[in-house]
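Structure, as structure tokens:
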Amino acid sequence: MSSPIRILTAVPICDGHDSAINTINLEFIRHGIEVIYLGYHRSVSDIVRAGIQEDVRAIGISSYNGGHIEFFAAVVDLLRKKGADDIKVFGGGGGTITRDDATKMRRKGVDEIFFAGTSLDDMVKFVHQRYGKPRSRRPRPQSFDQELAHKLTQIEEVYGSGNRKRPTPRFSRAKRALNCGGLTPLSPRTSKVIGFTGPGGAGKTTLIDELVLRFLHRNSKGRIAILSHDPSVVGEGALLGDRATMINSQHDRVFMRSMATRGQAGGLSPATHDCLALLAQSNFDYVIIETVGTGQEAMPFQKNGIVDSTVLVMNPDYGSRLQLQKIVMLDLADIVVVNKSDLQRARTAHTEIEQRLDQNRRHQQLVDTVAKRHRDSGADRLFELISDRQ
Ligand code: B12
């Protein structure tokens, strides 16, 4: 019933060897571990920031291009400096990391290095044995983000693995988790909350990352939070991979947390509502919540009552016009985005969706974007629309 182990994995800066870590990630998630994957070519500060915000048990680094003694040590040192040395570091890198190197790395605070020939089973066992027990004492948080991250963990732990047989935790238990520490979560909401949903592969994550970039440029001091969801898989592990896509969001003014759905259908996790409530009261200018890729019947934000605006991101390839009649979110969304509008079918999609929205008579906005394109005018327009909805 306890929460799954959460670890972060990454490949160091100037290193594109991601094939090993991709295989290892999959093995971990098949064995019940939640893996937040940061991607390759990642700096020490990006890795440590993500580790702290995600409040993981450990960071697994896969390194092939050399400089591993210094790189791993720098991660350990920065975690220590930030008061987060309860987040442990381990990793591997085939034959590039020698046994002598590994001895030096262990002396510098790295838990374990895996060499060529180690079985995936052994690595899974190591993670379960070393990081599977609950943390006895947490260090006192040294920053706002660290404190927030600890509280989000406490909330997720109230809900545990999310196994559906478990009775829904009573509000008072979650509230107790919300109340511990110095934040005042029961104070009024201070942030605008925007919900993003839509089918898998429509480009939600890339689009959000582009909006974050615009926000960071527009507001020199503002902060934004992202609560991002990915599905749990068989064995209750999950690959939480949105950070690997969100390049612009690797920034000190962005607080990002990845959540697994832990058995709940509909696009969100059992703990989402409480986590969102905490974030919405934590002085961010915006809180963005992204669902997993959803189906026709999904209404992920109906029950929450905490989302100010909803954005449905669609792919132009949804099939025939008839399909549109079945997508419930087309009735509910405030803004509908046709992303990948450079694709051939996008013009037709725009016309068909426009007609569908006209039937609702709700003055819903329709925007065409190409999220993958830098300085896309559609993404600019979407940003302005969201900013105007105060
Ligand atoms: C596949 C490969 C590539 C692929 C990478 C594909 C990809 N997307 O990952 C391609 C062809 C693109 C490539 C490119 C390059 N490569 Co290359 N590549 C390799 C190769 C052959 C295998 C690495 C691998 O994936 N192994 C498979 C994994 C699963 O097994 P493993 O490495 O034994 O790892 C074990 C453990 O260490 C552990 N492990 C590994 N990571 C982690 C992480 C965690 C958290 C844990 C728990 C465990 C763990 O898991 C395995 C268990 O058995 C190695 C040579 C070698 N035999 O190691 C060279 C090698 C790493 N590459 C090398 C080089 C030089 C390059 C290039 C610079 C070549 C060039 N001039 O362009 C580029 C750089 C690319 C870049 N952007 O960084 C050198 C590095 C030399 C060095 N460090 O001094 C090597 C060592 C080859 C050599 N002998 O010269 N490469």
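Rule-based calculations on the coordinates, nothing more; no lab input. Since this is a predicted model, take the numbers as computed values, not measurements. We place every Cβ from the backbone using ideal geometry, glycine too, and count neighbours over all the protein chains shown.
A simple spin-label model places the labels of residue 135 and residue 233 2.6 nm from each other, with each point 7 Å out along Cα-to-Cβ.
Quick check on packing: order 241-250, 316-325, 263-272 by the mean number of other C-beta atoms within 10 Å, highest mean leading. Before the final figure, lay out each step's value.
Values: 241-250: 20.3, 316-325: 13.3, 263-272: 22.0.
Descending mean neighbour count gives 263-272, 241-250, 316-325.
Cross-linked pairs 82/108; 82/151; 303/326; 81/372; 81/133; 151/303: Cα-Cα separations exceed 26 Å for 81/372.
Compute, for the chain, the length of the dipole vector about the Cα centre, with Cβ point charges of +1 (Lys, Arg) and -1 (Asp, Glu) only. Units Debye, rounded to 20.
Working: 54 positive and 44 negative charges, 243 e Å.
The calculated dipole for the chain is roughly 1160 debye.
Under the simplified labelling scheme, the residue 354-residue 81 pair shows an inter-label distance of 5.4 nm, with each label point 7 Å from Cα along Cα→Cβ.
Among 365-371, 253-259, 124-130, the peptide with the highest mean count of other Cβ atoms within 10 Å heads the list, and the full ranking is 253-259, 365-371, 124-130.
How high is the FRET efficiency from residue 17 to residue 372, r the C-beta distance, R0 22 Å, rounded to 0.05?
Numbers: r = 24 Å, r/R0 = 1.09.
Result of the calculation: an efficiency of 0.35.
The distance between label points at residue 302 and residue 143 comes to 4.0 nm (points 7 Å beyond Cα on the Cα→Cβ vector).
With 0.36 nm allotted per residue and the present C-alpha distance subtracted, the residue 220-residue 41 stretch has 61.8 nm of extension available. For the stretch 6-131, a crude dipole built from +1 on the beta carbon of Lys and Arg and -1 on the beta carbon of Asp and Glu, taken about the Cα centre, is about 320 debye to the nearest 20. Taking a ≥ b ≥ c as the square roots of the eigenvalues of the alpha-carbon gyration tensor, the stretch 6-131 is classed rounded because a/c is under 1.5. Dividing the summed -39500 (n - 2.57) terms of all DSSP H runs of n ≥ 4 by the residue count of the chain sets its mean residue ellipticity at 222 nm at -11000 deg cm²/dmol.
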